[in-house]
Amino acid sequence: MEHSSQVAEDPREMTVISTLSPISSTPNDGVEGNVLRTASPEAPLAPSLPTKDHKKRLQLSSNRLFSLDLLRGLAIFIMITVNAQMDGAFPILEHPDWIGFSIADTVFPSFLFITGCTIPLSIRADPHAPSHVYRSHALRIFKRSVIIWGLGVILNLYGLVQLHVGGDKFRWPNVLNRIGFCYLVVAWMHLLVLWRGRQPEKPLSFSYLFTPQRRISGGFESDSKRDAVATPDDISEEKEQDDYGVWPWFARVTLPYYLPVSCLVIWLICTYSVQVEGCPRKGMVETPECSAQAYFDLKIFGTAHTYRHLNFDPEGSLSTLTSILNVWFGWFIGCTVRSLNAQVKQLVNDFKARRENQGDVDEQTLLVEQVLEREMLTRIYTVHLSQWFWWGILWMFVGWIFSLGLPLSKPSWTATYAVLAAGVSQTMFSIFFFKFDAQPKIKELDQLHLEHQGYRSNNQLSRHYHHSSTASGHQNDPESLQSTKSRSNYSRTLELYFKFDHFLRHWFRKSIVIILGSMGRNAILLYMCSELVQGTCSLIPGGPADPTTGEVTDIFTSAFNHTWGALDIGGWASLFYSLGFTALHVLLAIFLDYKKWYFKV
C-alpha cells in the first residue's frame, strides 16, 4: 500500500519499526509489499515514487521489529520440517488425526497471529481523513488478499497434476486462501476502527453520555439552541463530526470487539445446532464425520473438492470463523506495539528537548541524564513485555481449561484450540521481543550504569588502593606476591571460561538471527518452493516398480529409504531427513537475504 497525501502521521505514535506480514514482507508507514521503502520518521508522508536503483528499493529498514521476522522464520522452519516428514514421523512433529495438540499445530496459528500483528503497524490513517482515503486503503487490502488467495489456487492446481486428476476434483480451500481471507476481514475491521473508533481527545462525562450534544464552531451547543446559532457552514461542518451520547461512545469503545465476539458466537451456534445426516445427535465435535465442520464442508464443497476427498477440509468453511480469532489476537498485540512506540518516541523527544534547553553541561550530568532516560525506556519495555507474556500464559491456560469440555482440534479449529494457539504465539513473540528488541536497550542501560559508577569511583578507588598498599608495607612481601600470583592465575582461568561462554552464546545467537531472520523475510517464497519441490519429486520415479504391488516409489521417498530410512532408529530417521530438506531452504533463504532479493506480494 503506497503512501497517500491524505494519510497523516499521528504525533503521538512513533515510526520506529518496519514489519513484514506473516507470509510476505509488509513495511511500516502504510506501505504494503515485500519490497521495502524506508522513510525518515521526521519526514512527512508522501506518495512513494519508483526508483531506478533496485538495491535501494530492496533495502530493508534498519528500524524493523526483528522479533516478528524471527517468529515468522521459526514458523516457516517448523512448517517445512513437518511437511517433509516421512512414514513413522517424529511424534511431536506429527499432526493428531482429529483431537490433540502438538508442536506441528502451532505453525499455522503463528502465521495468522503475525498477520494480525502487522496490520496496525503497516496501515495507518488520520481518523479525520476524507472517506476516499479509506476506500483507497480498502481496495489495496482487497488486492493483496486476492493475490495471496491466487497463490494458494496455483498450489492447488499443481496438486491436480500430482494426483493425475481432472479439474472436477479441484480443492478450493487452502492455507494461503485462509490467510488471505482472514487478513482481508481483520484489515477492513482495522480501517473501520481508524475511521469510526473512539477518539481519545473527546471527554467522557455525565453530560457527554446522557445529553445529546453537537460540536459547533469549536464549542458545544445543545440541540435546542443549534438552529438559532448555527450558520449553514456550521451545520455542514457539524455533519462531519460524530454525535455525542451514550450509544456513540459505547459503539466506538467496543467496535474492535464486535468481530471476535461475532465469530465466536456464530461458530458456537453452528457447531451445536446442526446435525449431520446419519449421526445420532447434534454437536458431535469428537467425531469428524458427524461434526459441524463436516456438515458445512459437504454442503459447500462436497467430497470432490475437499482435502483427500474427506467429509471435511482442515481449511474448510466453519473453521475459518475461529481462525479469524488468531488474526484478531495478533492485531490487538500490534496495537499495543504501536502504543509502546508512541511512549518511547515521546520519552526520547522529551529528553532531547531537555538537553537542548540545558545547553552545555558537564560530563557527569550528561551521564546521569542518559542513565535516567535508559531506565525509563527499560521500564516501558518491561511493562509491555510482562503484559504480553502473562496474557499469553493466561490464554494458554484458558484454552486448556475449556478443552476439558470442548476438545482441542486443529482440523475443526475449535475455539479452545484457537485461544490456546494464540497464547502460544503471543508468548513466543514476547520472548523474541525481549531477547532481540528489548534486551539491547537493557544492556545499554547496564553499560551506562558501569560508566557512571566508574566515573564517580575510579579515582577514589585508585587513591585508596595506593594509600593502603603503601601503608601496609607489604609490596615486596614474598607471601603477598605469591597470593597475588594465585589470584592472577584464578582470574585468567575465569576469564578464559567467560570468553568461551561468550563465544558459544554469541555464535548461537548469531546463527538464530541469520537462519530465522533470513527465512522470515522470504517466508511465502520458501513455503511455495517447498510445496512445489516436494510435488515435483513425487512425480519423478525413484526406482523400479514393486513386483508385488506394482507401485513406483517416487524420488523423494527413495532418497529417504536409501539414507536415513535404512537405519533402524525409528522416528529420528524421519526427523533427520526432514531437517536436511529444510537445510536446503535455509541456504536458499540466506542467499536471497544476502542478495537483498525479497518476494513481493
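Look at the stretch 254-273: where a residue is farther than 18 Å from TRP413 by Cβ and a partner is open to solvent by less than 70 Å² (accessible area, probe 1.4 Å) and not in a helix (DSSP H, G or I), sitting 6+ places away or on another chain with Cβ atoms under 7 Å, you get LEU255/GLY197.
Inspection of the stretch 488-496 identifies no residue that is at pLDDT 85 or above and of a type outside the set (D, E, K, R). Filtering the stretch 288-314 to residues that are open to solvent by 20 Å² or more (accessible area, probe 1.4 Å) and touching a residue at least 40 places away in the same chain (Cβ under 8 Å) leaves PRO288, PHE301, ALA304, HIS305, TYR307, HIS309, PHE312, PRO314.
Is the stretch 72-79 home to any residue that is more than 29 Å from GLU286 (Cα to Cα), assigned to a helix (DSSP H, G or I), open to solvent by 40 Å² or more (accessible area, probe 1.4 Å) and not β-branched (Val, Ile, Thr)? First the steps, then the outcome.
Of the residues in the stretch 72-79, the ones more than 29 Å from GLU286 (Cα to Cα) are 72-74, 76-77.
After this cut, where a residue has to be assigned to a helix (DSSP H, G or I) as well, the list is 72-74, 76-77.
Then keep just the ones that are open to solvent by 40 Å² or more (accessible area, probe 1.4 Å); that gives 74, 77.
Filter once more, keeping what is not β-branched (Val, Ile, Thr): 74, 77.
Within the stretch 72-79 (the criterion being more than 29 Å from GLU286 (Cα to Cα), assigned to a helix (DSSP H, G or I), open to solvent by 40 Å² or more (accessible area, probe 1.4 Å) and not β-branched (Val, Ile, Thr)), the answer is yes, since at least one residue qualifies.
Residues in the stretch 522-537 that are closer than 15 Å to ARG72 by Cβ and open to solvent by 30 Å² or more (accessible area, probe 1.4 Å): LEU525 alone.
Could you pull out every one of the helices (runs of 4 or more DSSP H) wholly within the stretch 111-210 that has 3 or more residues that are at pLDDT 80 or above? Show your work before the answer.
Details: elements: 131-163, 175-196, 206-210.
Helices (runs of 4 or more DSSP H) meeting the threshold: 131-163, 175-196.
Selection of the stretch 381-393 for residues being in contact with a helix residue (DSSP H, G or I) (Cβ under 7 Å, 6 or more places away or on another chain) and open to solvent by less than 70 Å² (accessible area, probe 1.4 Å) yields TYR381, HIS384, LEU385, TRP388, PHE389, GLY392, ILE393.
Out of PHE90, PHE113, PHE108, I need the residue that is out of contact with any Pro (no Cβ under 7 Å at 6 or more places or on another chain) and closer than 18 Å to VAL337 by Cα. Which one?
Details: PHE90 fails: closer than 18 Å to VAL337 by Cα; PHE108 fails: closer than 18 Å to VAL337 by Cα.
Every option except PHE113 fails the conditions.
Is it true that some residue in the stretch 325-340 is in a helix (DSSP H, G or I) and at pLDDT below 85? There is no residue in the stretch 325-340 that is in a helix (DSSP H, G or I) and at pLDDT below 85. Cβ-Cβ contacts under 7 Å between residues 6 or more apart (or on different chains), taken from a first residue in the stretch 384-397 that is farther than 21 Å from ASP105 by Cβ to a second residue that is aromatic (Phe, Trp, Tyr) and open to solvent by less than 90 Å² (accessible area, probe 1.4 Å), are listed as LEU385/PHE433; LEU385/PHE434; TRP388/PHE429. Within the set THR427, THR378, THR414, the sole residue that is touching a Pro at 6+ places or on another chain (Cβ under 8 Å) and open to solvent by less than 30 Å² (accessible area, probe 1.4 Å) turns out to be THR414. Of everything in the stretch 379-405 that is in a helix (DSSP H, G or I) and small (Gly, Ala, Ser), the residue that is farthest from the chain's Cα centre (by Cα) is GLY399. Checking each residue in the stretch 101-158 for being hydrophobic (A, V, I, L, M, F, W, C), open to solvent by less than 20 Å² (accessible area, probe 1.4 Å) and without any contact (Cβ under 8 Å) to a residue 40 or more places away in the chain picks out ALA104, VAL107.
Given the structure, is THR306 more than 26 Å from the chain's Cα centre (by Cα) and not hydrophobic (A, V, I, L, M, F, W, C)? I'd like the intermediate steps shown before the answer.
Working: more than 26 Å from the chain's Cα centre (by Cα): yes; not hydrophobic (A, V, I, L, M, F, W, C): yes.
Considered against the rule, which asks whether it is more than 26 Å from the chain's Cα centre (by Cα) and not hydrophobic (A, V, I, L, M, F, W, C), THR306 comes out as yes.
Among the residues of the stretch 316-359, the ones that are without any contact (Cβ under 8 Å) to a residue 60 or more places away in the chain and under 13 Å from the mean Cα position of the chain (by Cα) come to 1 in all. Scanning the stretch 534-556 for residues that are polar (S, T, N, Q), in a helix (DSSP H, G or I) and over 27 Å from LEU516 (Cα atoms) yields one hit, SER538.
Would you mention how many residues in the stretch 562-577 are free of Cβ contacts under 8 Å to residues at least 40 places away in the same chain, part of a helix (DSSP H, G or I) and surrounded by fewer than 19 Cβ atoms within 10 Å (Cβ to Cβ)? Working first, answer last.
Step one: filter the stretch 562-577 for residues free of Cβ contacts under 8 Å to residues at least 40 places away in the same chain, giving 562-564, 566-569, 576.
In the following step, the residues that additionally are part of a helix (DSSP H, G or I) were identified as 564, 566, 576.
Pick out the ones that are also surrounded by fewer than 19 Cβ atoms within 10 Å (Cβ to Cβ) and you get 566, 576.
Total satisfying the criteria: 2.
The values are calculated or read from the model by the stated rules, or taken from the named source; none is laboratory data. Keep in mind the model is a prediction, meaning the values are calculated, not measured. Neighbour counts run over all protein chains shown; Cβ positions are idealised from the backbone, glycine included. For the accessible areas, the whole protein counts, side chains as well, though only heavy atoms, and no ligand, DNA or RNA atoms are used. Shrake-Rupley method; radii C 1.70, N 1.55, O 1.52, S 1.80 Å.
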